[in-house]
Amino acid sequence: MSSLMYLTREAYNYNSIQYRQMRRKEQDRLARMDADFQKRKEITEFAQRREERLKAAEERTAKKRLKRLKKKLKKKDKKCKTAGGGEGQKEQSSDEGGDSDNEEA
């Protein structure tokens, strides 16, 4: 009878040890899965935020580029008008002066 109890107790201990080992392995596996999921989630979120930042930076750059181009064209037009406008004013003043001479005569 004592040998039967001993075998039963040993079998129980063996099964308990196996159960705890299997449970520990399963818990480790689940922990690794959770860690892997979190890592992948962080990577995708980072990539998404990076894309948003790059897109915003590109939009700002394009806006500033357009502003610089407009400023450059405006400066060029102003320079052409002052250079061309000065000659045009001289011509108008000489025409007016010529008309005033004819009116007096």
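The values are calculated or read from the model by the stated rules, or taken from the named source; none is laboratory data. Bear in mind that the values here come from a model prediction, so they are computed numbers and not experimental data. Cβ atoms come from the backbone with ideal geometry, glycine included; neighbour counts cover every protein chain shown.
What pairs come out if I take residues in the range 6-27 that are among the hydroxyl-bearing types (Ser, Thr, Tyr) and modelled with pLDDT of 90 or more and pair them with residues that are surrounded by 10 or more Cβ atoms within 10 Å (Cβ to Cβ) and part of a helix (DSSP H, G or I) whose C-beta lies under 9 Å away, six or more apart or interchain?
Sorted first by the residue in the range 6-27, then by its partner, the list stays empty.
Would it be correct to say that residue 31 is part of a helix (DSSP H, G or I) and either acidic (Asp, Glu) or under 15 Å from the mean Cα position of the chain (by Cα) (or both)?
Numbers: part of a helix (DSSP H, G or I): yes; either acidic (Asp, Glu) or under 15 Å from the mean Cα position of the chain (by Cα) (or both): no.
So residue 31 fails the test.
Which condition from (1) surrounded by fewer than 10 Cβ atoms within 10 Å (Cβ to Cβ); (2) at pLDDT 80 or above is the one that residue 3 breaks?
(2)
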